Amino acid sequence: MSLSLTNRHSWFEATARARINGLLDAGSFSEILPPAASQPSPHLAQLDLPGAFDDGVVIGYGRLEKKPIFVAAQEGQFMGGAVGEIHGAKIVGLLRRAVEEKPAAVLFLIDSGGVRLHEANAGLIAISEIMRAVLDARAAGVPVIALVGGSCGAFGGMGIVAKLCSAIIISEEGRLALSGPEVIETVAGVEEFDAKDRALVWRVTGGKHRYLMGDCAMLVDDDLAAFRSGATEFLAGWAEPAPSLASLRARQQVLKNRLAAYATYRDGLQVWAALGVAEPESVPLLDRDSLVALKEGLPT
Amino acid sequence: METLEFRFDSKPGVRPDHPALCGVVGSGNLEILVKPGDQPGCCQVHIKTSARGFGTTWRAVIGDFAASHPAGGTAIAINDMGATPAVVSLRLAQALAEYQGGAR
């Protein structure tokens, strides 16, 4: 899957609309509430800030290898992809429609720092409604797949939402965590976490680390076509399981074991060594295929 | 934030069925929505910008665009987050080209 730079169309650098166009079958996308029909955020207007016509998220439906698919794509360049009231309502509406219409999947292109703080409680409520709507769609048998590879990653409430999805497909550039690096540094001090150390940030929250830890189902190249083929391949092999208490308990136990094994470590390098990676310091330099091979060779 | 309204005479252009959007409301960038307007020989522009006090610059940039492009019969809405005049000019040309079907 090595790609020359000329054939590569970076997911990281693309806008939400360009990601959708590269992801779905050509020309198949229809937008729900397009910019000319929707309203910018009234909360931002009250704060004297310019809004975006689509409030930073594009929703609609289309096809992926001919299968009917719903899509929500957050625009990370607009206010860090943060979730405001209208932004959240659009995503919730799409997920509820998925329960009714049962598409083959909802693809959720997450690129967000979490709640839009300008909208305070409305943003928090929006995030909690998204969480419920994701679980409702999954309970109705519709897989919800998170695709994470934008500049804002998936943080805060959107980090939780990503983990509530059926699976996460991530690129090396993607990041996934709860509190963002700057938040941790502000609250706990630079001794706890140096948010300016980009390499450290990626060793702790980045796509390769999340993939090695088993948090993400797939690691793909930073390329529109790679996300497209990754999503296609994942859906071909996936049947959404019925929710069960036993599977939640099993998952909880896995997380407890993980906390017990790694809680004292300060850096991804230490975790990778404990996972059985012979040369942890080489991990950041590996390309996607080599890293996938490395993970497949690890003791389980 | 500042809200600005302009109307300039402009050569009538083709009138497609669908609006066009380009750009993103990000730092140093803007989004432009082009829709059909109500007067064939006129380009109406509605701007919301985070940078106050640049009305004269906006008037010059939009006036130049209306004079050099067939933008008659359009209603253009802009959300701006501090784009420079050069970026605004390029985005306007891009948005009109996408609206009129000249760009893919």
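Other residues within the sphere of radius under 12 Å centred on the Cβ of A:G150, judged by their own Cβ, net out at -3 (K and R +1, D and E -1). Of all the options A:G22, A:G157, A:G237, the one that moves most in a Gaussian network model of chain A with Cα springs shorter than 10 angstrom is A:G237.
If you take every residue apart from A:D287 with its C-beta less than 10 Å away from the C-beta of A:D287, what net charge results, scoring Lys and Arg +1 and Asp and Glu -1? Before the final figure, lay out each step's value.
Values: positive: A:R288; negative: A:E172, A:D221, A:D289.
Net charge around A:D287: -2.
Quick one: net charge around A:L49, please, counting Lys, Arg +1 and Asp, Glu -1 for every other residue with C-beta under 15 Å from its C-beta.
On the way: positive: A:R116, B:K48, B:R52; negative: A:D48, A:D55, A:E85, A:E119, B:E2, B:E31, B:D80.
So the surrounding residues net to -4.
The range A:1-73 and the range A:279-294 have their alpha-carbon centroids 31 Å apart. What's the long-distance tail for the protein assembly as shown, i.e. % of Cα pairs beyond 40 Å? Result: 21 percent of Cα pairs exceed 40 Å.
Which of rounded, prolate or oblate describes the range A:174-256 when judged by the alpha-carbon gyration tensor and an a/c cut-off of 1.5? The shape class here is oblate. The mean number of Cβ atoms from other chains found within 10 Å of a Cβ in peptide A:49-62 is 4, as a whole number. Put simply, the amide H of A:V115, placed in the peptide plane, has neighbours under 5 Å in A:V83, A:G157, A:M158, leaving out anything fewer than 5 places away on its chain. In this calculation the C-beta distance from A:D215 to A:E101 is compared with R0 = 30 Å, giving a FRET efficiency of 0.50.
Only DSSP H runs of four or more residues enter the estimate; each adds -39500 (n - 2.57), and after division by the residues of chain B the mean residue ellipticity at 222 nm equals -9000 deg cm²/dmol. Counting only the Cα atoms, the range A:165-219 fills a convex hull of 75 Å³ per residue.
The mean count of C-beta atoms from other chains within 10 Å of the C-beta of residues in B:17-24, rounded to a whole number, is 4. For the range A:26-100, the convex hull spanned by the alpha carbon atoms encloses 95 Å³ per residue. When each of the peptides A:167-178, B:16-27 is scored by how many other beta carbons lie within 10 Å of its residues on average, the order from highest to lowest is A:167-178, B:16-27. The Rg/Rh ratio for the range A:94-167, using Cα coordinates for both the radius of gyration and the Kirkwood hydrodynamic radius, is 0.98. Among B:R52, B:R91, B:R15, whose mean-square fluctuation peaks in a Gaussian network model of chain B (Cα, cutoff 10 Å)? Between B:R52, B:R91, B:R15, it is B:R52 that shows the largest mean-square fluctuation. Over all distinct Cα pairs, what is the inverse of the mean 1/r for chain B, reported as the Kirkwood hydrodynamic radius in Å? Taking the inverse mean of 1/r over all distinct Cα pairs, chain B comes out at 13.3 Å.
Quick one: compute the contact order of the range B:2-99, relative version, from alpha carbon pairs under 8 angstrom and 6+ residues apart, as a percent. Worked out over the range B:2-99, it gives 41 percent.
Show that you can apply the helix-only estimate: for chain A, add -39,500 (n - 2.57) for every DSSP H stretch of four or more residues, divide by all residues, and state [θ] at 222 nm to the nearest 500.
Values: 12 runs with 128 residues, N = 300.
The helix contribution divided over chain A gives -13000 deg cm²/dmol.
Pair-distance distribution P(r) for the range A:155-300, from all Cα-Cα distances in 5 Å bins starting at 0: 2, 8, 16, 21, 22, 17, 10, 4, 1, 0 percent. The alpha carbon convex hull volume per residue for the range A:76-206 rounds to 99 Å³.
Rounded to the nearest 10 degrees, the angle from helix B:85-99 to the longest Cα principal axis of chain B is 30 degrees. Taking 0.36 nm per residue of separation and subtracting the Cα-Cα distance, full extension of the segment from A:S128 to A:E182 would add 17.1 nm. Please state the relative contact order of chain A as a whole percent: Cα pairs under 8 Å, 6+ residues apart? Reported as a whole number, the value is 15 percent.
Comparing the range B:44-104 with the 2.2 N^0.38 Å rule of thumb, its C-alpha radius of gyration ratio is 1.09 (two decimals).
A simple rule links phi to the HN-Hα coupling: the Karplus curve 6.51 cos²θ - 1.76 cosθ + 1.60 with θ = phi - 60°, which for the range A:190-201 gives 5, 5, 6, 7, 9, 5, 7, 7, 4, 4, 5, 4 Hz, with x for Gly and Pro.
Between helix B:55-68 and chain B there is an angle of about 20 degrees, using the helix long axis and the longest principal axis of the Cα atoms.
Each DSSP beta bridge with both residues in the range B:2-99 is either parallel or antiparallel, and the antiparallel ones are about 70%.
Of A:L147, A:L285, A:L33, the residue with the greatest mean-square motion in the GNM of chain A, using alpha carbon springs below 10 Å, is A:L285.
Computed from the coordinates by the stated procedures, all read-outs in this text should not be read as laboratory data. Because the structure is predicted, anything quoted here is derived from the model rather than measured. Cβ: placed from backbone, ideal geometry, glycine included. Neighbour counts: every protein chain shown.
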